[in-house]
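Okay, structure first, notes after.
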Amino acid sequence: MYILIELIGIFFFAVAGSLMAARRGFDLLGSAFLGGVCGLGGGVVRDLILSQSPATFEHPVYFVPPVLAALCVYAFTPAVQKLHRLVQLFDAAGLGLFCVTGTLKALENDFNPVTAVLLGVITSVGGGLMRDVISNVTPDLFNPRDIYALAAMVGAALTAVAWHLGVMNVPVGAGIAALAFAIRVASIRFSWSVPLAAGHWHRSHPAPGSNDGPQRHY
């Protein structure tokens, strides 16, 4: 069941990666590669932190979802210029699933709850971060106009709580993944965001009476 859930998450992330490849004009091989990076990258980083051999290389079946994703995108997405929202939806679905599975794997390896939550977040955002860097676009992780890592943090934290309360099962995990997905999608729909790194009193503003004159700091 755990591997099945991870495969579904990898497929969602891989579709997001292949859609990004289509938007950037990559070829089919580049689409499969970018889908693989997006779908598998976070899990590989997680397993290396856990001092384990990455599950990706122990179970070749993990490479099947990126290939399927590339083929699906090749066959069913002629209107590439309109795919941005679709990329975000599939990315949100993968994020919701991976924040649960990443946290559970850390907890099963006797990591404390805080570390497990951090590994759940890394599993969720790692692949998308690699995808965006390779595609030469601003990573969603650093986009100030929506919530990305925070949705993964909420899902990972709830997973850790459910684990320690002894109520974690497939329906509970699915509900937590759905909640993380909903938070991510709602943040896109309603432009939710977290405060910027610098408070508004530290940002530069034009001097009064000048549109493009020297800047001053408050």
Filtering segment 122-139 down to residues that are assigned to a helix (DSSP H, G or I) and open to solvent by 20 Å² or more (accessible area, probe 1.4 Å), which residue is nearest to Ser193 (Cα to Cα)? Leu129
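Suppose we keep only residues that are charged (D, E, K, R) and either at pLDDT 85 or above or under 8 Å from the mean Cα position of the chain (by Cα) (or both) within segment 125-150. Which one would you say is nearest to Gly36 (Cα to Cα)? I'd like the intermediate steps shown before the answer.
Keep residues of segment 125-150 that are charged (D, E, K, R), which gives 131-132, 140, 145-146.
Those still in the list that are either at pLDDT 85 or above or under 8 Å from the mean Cα position of the chain (by Cα) (or both) too: 131-132.
Numbers: Arg131: 9, Asp132: 13 Å.
Only one residue fits best here, namely Arg131.
Criterion first (in contact with a Leu (Cβ under 7 Å, 6 or more places away or on another chain), closer than 23 Å to Asp110 by Cα and crowded, with 16+ Cβ neighbours inside 10 Å) does Ile5 satisfy it? Before you say what the answer is, go through the steps one by one.
Values: in contact with a Leu (Cβ under 7 Å, 6 or more places away or on another chain): yes; closer than 23 Å to Asp110 by Cα: yes; crowded, with 16+ Cβ neighbours inside 10 Å: yes.
Here the answer is yes, as Ile5 does meet what is asked.
For (1) over 16 Å from Ile3 (Cβ atoms); (2) not in a helix (DSSP H, G or I), each residue gets a yes or a no:
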{"residue": "Phe33", "(1), (2)": "yes, no"}
{"residue": "Arg46", "(1), (2)": "no, no"}
{"residue": "Gln52", "(1), (2)": "no, yes"}
{"residue": "Phe57", "(1), (2)": "no, no"}
{"residue": "Ala70", "(1), (2)": "yes, no"}
{"residue": "Leu86", "(1), (2)": "yes, no"}
{"residue": "Ala92", "(1), (2)": "yes, no"}
Of those in segment 26-43 that are more than 16 Å from Asp140 (Cβ to Cβ) and touching a residue at least 40 places away in the same chain (Cβ under 8 Å), the residue surrounded by the fewest Cβ atoms within 10 Å (Cβ to Cβ) is Leu28
For segment 147-200, enumerate the residues that are part of a helix (DSSP H, G or I) and of a type in the set (Val, Ile, Thr). Val154, Thr159, Val161, Val170, Val172, Ile176, Ile183, Val185, Ile188
Can you confirm whether segment 94-103 contains a residue that is surrounded by fewer than 21 Cβ atoms within 10 Å (Cβ to Cβ) and either more than 13 Å from the chain's Cα centre (by Cα) or touching a residue at least 40 places away in the same chain (Cβ under 8 Å) (or both)? no
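The values are calculated or read from the model by the stated rules, or taken from the named source; none is laboratory data. Remember, it's a predicted structure, so these values are computed and weren't measured experimentally. A quick note on method: Cβ atoms are made from the backbone with ideal geometry, for glycine too, and the neighbour counts reach across all protein chains shown. Please note that ligands, DNA and RNA were not included when accessible areas were found on the heavy atoms of the full protein model with its side chains. Shrake-Rupley method; radii C 1.70, N 1.55, O 1.52, S 1.80 Å.
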